[in-house]
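Colleague: I'd like to ask you about the structure that follows.
FYI, it's all coordinate maths here, none of it is from the lab. Treat the numbers as computed from the prediction; the structure is a model and nothing was measured. Cβ placement follows ideal geometry from the backbone for every residue including glycine, while neighbour counts extend to all protein chains displayed.
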Amino acid sequence: MDLLVDSLKSALLLLLSFDPELFEIVGVSLNVSFFSTLFAALFGLPAGFFIAFNTFRGKRLIMTCLNTLLALPTVVIGLVVYSLISRRGIFGPLELLYTQKAIIIGQIILIVPVVTTLTIAAISRIDQRYRNTALTLGATYYQMGWVIFLEARFGIMAALIAAFGRVIAEVGISMMLGGNAKGFTRTMTTAMALEYDKGEFVLAVALGLVLMTFAFLVNLVFHFLQGRLKSDAL
């Protein structure tokens, strides 16, 4: 108990001193998490809309695969991507291994199923009459999609927040593909694991506090926007 209290006090002092190493690590984490979530959204949202709107052969199989990928261990993704971008891999000449780009690639693979599945769930909850009414009034397929997007916006926002939370807290992909290089690919979670192995808990606790703070702020912003949007709708 004394160790935890002392570590917490030292971590707070480290945060208040604006330690350069700490904020460098936080910057790397936010950078890779932001871009992986952005690119996953660019692929996952359209895929979710397409699957939700259409009935086609093999749809049930795709849904089963997506649900299975939700439980895919990060180390498996790390191994697969590593085999592709290592020197002996297909994309070895691109020299992506142990870079932030490699982490982003792995994290995109991790959260595309999250974004796609939760988007499908959000759209599926929208009453079919919205689509029928939009089409009856002469709306195009894309205009109808925009109407459904507005109705499902809370669920889609929740999907993106869940995806961001998934990648900013993961450690397997970042460690295997980034290499935990100081100043380049060291994220909050990999740094916490390293500090724990060294038996030095101050930086690890400080990073844990930052991580929890970001999680809280993201959810706070989501609930604020949700409240504002609902009030505007009324």
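Colleague: Can you put LYS182, LYS101 in order of Cβ neighbours within 10 angstrom, beginning with the fewest?
Modeller: Ascending Cβ contact count within 10 Å gives the list LYS182, LYS101.
Colleague: Any idea what the dipole of the stretch 2-233 comes to, in debye rounded to 20, about its Cα centre with Lys/Arg Cβ at +1 and Asp/Glu Cβ at -1?
Modeller: In total the dipole reaches around 1100 debye.
Colleague: Using the beta-carbon distance between PHE50 and ARG129 and R0 = 22 Å, what value does 1/(1 + (r/R0)^6) give for FRET efficiency, to the nearest 0.05?
Modeller: Efficiency, from the Cβ-Cβ distance: 0.60.
Colleague: Moving on. Among the lysines in the chain, how many pairs, 8 or more places apart or on different chains, have alpha carbons under 29 Å apart?
Modeller: Number of lysine pairs found: 5.
Colleague: Note down the Stokes-Einstein diffusion coefficient of the chain in µm²/s, whole number, using a Kirkwood radius over alpha carbon pairs, 10 °C, and 1.306 mPa s.
Modeller: For these conditions, the coefficient is 80 µm²/s.
Colleague: Here's a follow-up. Taking the simple approach of a point 7 Å from Cα along Cα-to-Cβ for both ARG57 and LYS182, what is their distance in nm?
Modeller: Reported label-point gap for ARG57 and LYS182 is 5.9 nm.
Colleague: Right, here's the next one. Quote to one decimal, in nm, the extra length available between LEU12 and SER86 on full extension: 0.36 nm per residue of separation minus the C-alpha distance between them.
Modeller: Net length gain for the segment: 22.7 nm.
Colleague: Return one number: the angle in degrees, 0 to 90 and rounded to the nearest 10, between the long axis of the Cα atoms of helix 141-151 and the longest principal axis of the Cα atoms of the chain.
Modeller: For 141-151 against the chain, the angle is about 60 degrees.
Colleague: Now a separate question. Whole-Å semi-axes of the stretch 109-193's equivalent ellipsoid, largest first, each the root of 5 times a Cα gyration tensor eigenvalue?
Modeller: 40, 11, 9
Colleague: Right, next: Count charges around ILE173 for me, please; just the other residues with Cβ under 14 Å from its Cβ, Lys/Arg as +1, Asp/Glu as -1.
Modeller: +2
Colleague: Turning to a different aspect of this structure: Taking only Cα atoms, what is the 0 to 90° angle, nearest 10, from helix 59-69's long axis to the longest principal axis of the chain?
Modeller: So the helix axis and the longest Cα principal axis differ by about 10 degrees.
Colleague: Suppose R0 equals 22 Å; then what is the FRET efficiency for PHE224 and TRP146 from their Cβ-Cβ distance, rounded to the nearest 0.05?
Modeller: Once the sixth-power term is evaluated, E becomes 0.40.
Colleague: Given the convex hull of the Cα atoms of the stretch 87-153, what is a quarter of its surface area in nm²?
Modeller: Averaging across all directions leaves 6.6 nm² for the Cα convex hull.
Colleague: Also, I was wondering about something else. Send over the semi-axes of the stretch 1-76's equivalent ellipsoid, whole angstrom and largest first, taken as the square roots of 5 times the C-alpha gyration tensor eigenvalues.
Modeller: Three semi-axes, in Å: 43, 17, 10.
Colleague: Per residue, how much space in cubic angstrom lies within the convex hull of the C-alpha atoms of the stretch 59-110?
Modeller: 84
Colleague: Compare the Cα positions of LEU12, MET188, MET144 along the charge dipole of the stretch 2-233 (+1 at Cβ of Lys, Arg; -1 at Cβ of Asp, Glu; about the Cα centre) and return the one farthest towards the positive end.
Modeller: Of LEU12, MET188, MET144, it is MET144.
Colleague: So how tilted is helix 202-233 from the main axis of the chain? Cα-based, degrees 0 to 90, rounded to 10.
Modeller: 20
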